[in-house]
Amino acid sequence: MSYFVDKKGYYGEFGGAFIPEMLYPNVKELEDNYLKIMHESSFQKEFQELLKEYVGRPTPLYFAKRLSEKYQTKIYLKREDLCHTGAHKINNTIGQILVAKKLGKTRVIAETGAGQHGVATATVCALMGIECVVYMGEIDIARQAPNVARMKMLGAKVVPALSGSRTLKDATNEAIRDWINNPVNTHYIIGSVVGPHPYPDMVARFQSVISEEIKKQLLEKEQTENPDYVIACVGGGSNAAGAFYHYLDEEKVHLIAVEAAGLGIHSGESAATSILGKEGVIHGSKTLLMQSEDGQITEPYSISAGLDYPGIGPLHAHLYRSKRAEFISITDDEAMKAGLELCELEGIIPAIESAHALAVFNMKKFEESDVVVLNLSGRGDKDLDTYVKYFKL
Amino acid sequence: MNRINQKLQENKKLLSIYFTAGFPKINDTVSIIENLEKSGVDFIEIGLPFSDPLADGPTIQASSTQALDNGMSSEVLFNQLKDIRKTVKIPLIIMGYFNPMMQYGVENFCKKCAEIGIDGLIIPDLPVDVYNDHYKSIFEKYGLINVFLITPQTSLERIQFIDQISEGFIYMVSSASVTGSQNAFGKSQDDYFKRIADLNLKSPQIIGFGISNADTFKQAIKYAKGAIIGSAFVKYLDENGTANIHKFVSGIID
């Protein structure tokens, strides 16, 4: 079985490009050119140089000694939290801004939920001197004020999405509508492995630097490229796609995708898409998504703004359906506790998204000899307010 | 022959009106359709509301949200329309997004449409190639016409492909935009309308998006077989309710 995208843009039965005709020329232009551009040596040179000098790659693969002692297994943390702007998101925006330049685009749009992808997009647009418009749900703008300020300082225009539930999915709708209205000069930088083909594949490729580095670093530290487990959280699924990418065909490497169960999987306040979702079409992609019986897309909930997306990327839907990856859901409480534990044991404040992945150590027993790599996708600075309120600090 | 094709053979320019089912009130559907027919409209697009209508501007989005809040669904709509052919003769098309149809089951959805007497479907986010590979035979089995869109950016090669597989008309999107974005047409639209007319395609073209009044309607039908009004009518219903639908229509075609 292949876990990579096929010629028509599908992962097994998931993926494709379910887009209105108005978007066909934009998406087709990207589909026809993305691989060609990514393989150009001038592109690779600039991309690699920026990842090294600007983003700060390679990020460390850190052996978490005290965490390992506590859970009686060997735990390595892939420190994406140390990337410039505080999360893995910038790996993708660096790649896409270079693609946009090669395509001759002069304007960039993006959607954002918590604001991390918006900040990462505004950052690379500032770096390249390209006009940037970020769509963000009106409700998210109110609850993520520091990231809104960051985007503005970086020169981006932040436009509130006023329709529907006024959160991430609606911001994505607005960005797509903008692209329909501006089909010629604009590139849409999608922030996760979602959306119509070729986005899931393109974003996964840009994020695949994570597992590329893990392989090299692990060889040095453990004399093998392959860990026993790779753990990553999944909202849309971009950090997980990057951490899994070079292990997809290594069937001996167990992949664990961690979703947000919110207040509990069946509480009605959850974002556990693989369990609660049904096959459907969202934002141009056929995947698993949370919806009503009538096919209306429902609003997910998680304490973590980066995980409350009603769908998952088609790659992950395929990993779930084919059982290549194990999916585990973690509640708000379990994640918050695991986040605080990492602070206390390792001196690292994780993003609440990443804290969901950390909570797996309380759910699942690993062997003492197991090598477990956990992708620490982001840092917790942006979540301080939530931590403060939750723990009454 | 399908009612859409019969209508397209009439020697006149056609006016189609779109409305969102379940808006302004859940049970307005049948009376809106009957009143539109009485007012001289040639065919009707019944909008099945969706939570995330990507191709629509604020007016139709808001009407969709309201309709869903009112309780509209595929099932409710089919129930409302079950006797519609006892009173209404003109072609009826359902316009909606793909996900609700998928959940209903594409075959079930088509079967239900055929039973009721729906003549065609417009599904903006069902791509032509996916339709061709997976769903064409189902549509044909139930005698439904699937209507495809073209835009000013659509390449000549693709226009010809779409023309070839179209069985009714081609829905010509007037400009690069979502619904309800324009008040007037400029030279670029005029050039585009003419460019397409000059291709002498086998499928008649009906222009939609940005038709809001008698002026834009006239400009559109100069080159095309007809035109579709959506957002402007939804806005009219929002402001005036369903009592004086004939006034809206006579403002366009008289």
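Rule-based calculations on the coordinates, nothing more; no lab input. Given the structure is predicted, the values throughout are model-derived calculations rather than measurements. Backbone-built Cβ (ideal geometry, glycine too); neighbour counts: all protein chains shown.
Brief remarks on what is shown
- Cα-based reach from A:LYS45 at 22 Å (exclusive), listing lysines while leaving out same-chain residues under 8 positions away: A:LYS36, A:LYS89, A:LYS101, A:LYS102, A:LYS105, A:LYS215, A:LYS216
- Couplings 3J(HN,Hα) of segment B:78-93, computed from phi: 4, 5, 4, 8, 4, 10, 5, 6, 6, 10, 10, 9, 6, x, 10, 10 Hz, in residue order, whole Hz [Karplus 6.51 cos²θ - 1.76 cosθ + 1.60, θ = phi - 60°; x for Gly and Pro].
- Rounded to the nearest 10 degrees, the inclination of helix A:209-222 to the longest alpha-carbon principal axis of chain A is 20 degrees.
- Partners of A:LYS337 within straight-line reach, counting lysines whose Cα lies under 21 Å from its Cα and excluding those fewer than 8 residues away in the same chain: A:LYS65, A:LYS70, A:LYS74, A:LYS78, A:LYS364, A:LYS365, A:LYS382, A:LYS389, A:LYS392.
- P(r) weight above 20 Å for segment B:1-145, C-alpha pairs, percent: 46 percent
- Residues A:MET153, A:MET22, A:MET128, A:MET136, ranked from the fewest to the most other C-beta atoms within 10 Å, line up as A:MET153, A:MET128, A:MET22, A:MET136.
- Under 5 Å, built H, 5+ apart or other chain: amide partners of A:ILE282: A:THR287
- The GluC sites (Glu not before Pro) of segment A:1-93 that DSSP puts in a loop, and whose beta carbon has at most 14 other beta carbons within 10 Å, are A:GLU13, A:GLU40.
- Bridge orientation summary for chain A: considering DSSP beta bridges with both residues in this region, about 30 percent are antiparallel.
- Tail weight of P(r) past 18 Å, computed on alpha-carbon pairs of segment B:168-221, percent: 25 percent
- Cα point-scatterer Debye curve for segment B:14-253, base-10 log of I(q)/I(0) at q = 0.14, 0.15, 0.17 Å⁻¹: -0.88, -1.03, -1.36
- Other residues within the sphere of radius under 9 Å centred on the Cβ of A:LEU168, judged by their own Cβ, net out at -3 (K and R +1, D and E -1).
- Neighbour counts of other Cβ atoms within 10 Å put A:HIS187, A:HIS266, A:HIS283 in the fewest-to-most order A:HIS266, A:HIS187, A:HIS283.
- Helix A:24-39 vs. chain A, principal-axis angle (Cα, 0 to 90°, nearest 10): 50 degrees
- Segment B:14-253: relative contact order in percent, alpha carbon pairs under 8 Å with at least 6 residues between: 22 percent
- Remark: B:LEU149, A:LEU393, A:LEU345 ranked as A:LEU393, A:LEU345, B:LEU149, counting other beta-carbon atoms within 10 Å and listing the fewest first.
- Distant-in-sequence amide H partners of A:THR331 (H built 1.01 Å from N, under 5 Å): A:ALA261
- Once backbone amide H atoms are built at 1.01 Å from N, B:ILE207 has B:MET172, B:GLY226, B:ALA227, B:ILE228 as its partners under 5 Å, excluding neighbours fewer than 5 places away on the same chain.
- Each residue, A:ASN362 and A:GLU250, gets one label point 7 Å from its Cα in the Cβ direction; the gap between the two is 3.0 nm.
- Helix A:41-50 and the longest principal axis of the Cα set of chain A meet at an angle near 50°.
- Its alpha carbons give segment A:102-243 an Rg and a Dmax of 16.8, 53 Å.
- Converting phi to 3J(HN,Hα) with the Karplus coefficients 6.51, -1.76 and 1.60 and the offset θ = phi - 60°, segment A:92-99 yields 6, 6, 4, x, 6, 5, 5, 4 Hz in sequence order, with x at every glycine or proline.
- Virtual spin-label span in nm between B:LYS25 and A:LEU35, 7 Å along Cα→Cβ: 5.7 nm
- Rg to Rh, two decimals, where segment B:121-161 supplies the alpha carbon set and Rh follows Kirkwood: 0.99
- A simple rule links phi to the HN-Hα coupling: the Karplus curve 6.51 cos²θ - 1.76 cosθ + 1.60 with θ = phi - 60°, which for segment A:297-313 gives 6, 9, 8, x, 9, 8, 5, 9, 5, x, 10, 8, 10, x, x, 10, x Hz, with x for Gly and Pro.
- Theoretical gain in end-to-end length, A:SER322 to A:LYS45 [0.36 nm per residue, Cα-Cα removed]: 96.1 nm
- Pair A:VAL184, A:ASP333: separation of 7 Å Cα→Cβ label points (nm): 5.8 nm
- R0 of 56 Å, Cβ-Cβ distance A:ASP370-B:ASN108: FRET efficiency to nearest 0.05: 0.70
- Alpha-carbon centroids, segment A:92-171 and segment A:304-357: separation in whole Å: 23 Å
- Rh by Kirkwood over Cα pairs, then Stokes-Einstein D for the protein assembly as shown at 1.306 mPa s and 10 °C, µm²/s: 62 µm²/s
- Legend note: in chain A, cysteines whose Cβ sits 4.7 Å or more from every other cysteine Cβ are A:CYS83, A:CYS233, A:CYS343.
- Computed from the Cβ-Cβ distance with R0 of 45 Å, the FRET efficiency linking A:LYS278 to A:VAL388 stands at 0.75.
- Neighbour net charge for B:LYS13 - beta-carbon separation under 12 angstrom, K R +1, D E -1: +3
- A cut-off under 10 angstrom between Cβ atoms defines the neighbours of A:GLN72, and their net charge, with Lys, Arg +1 and Asp, Glu -1, is -1.
- Theoretical FRET efficiency, 1/(1+(r/R0)^6), r = Cβ-Cβ of A:LYS52 and A:LYS152, R0 30 Å, to 0.05: 0.60
- Placing +1 on the Cβ of every Lys and Arg and -1 on the Cβ of every Asp and Glu, with no other charges, gives chain B a dipole of roughly 680 debye about its Cα centre.
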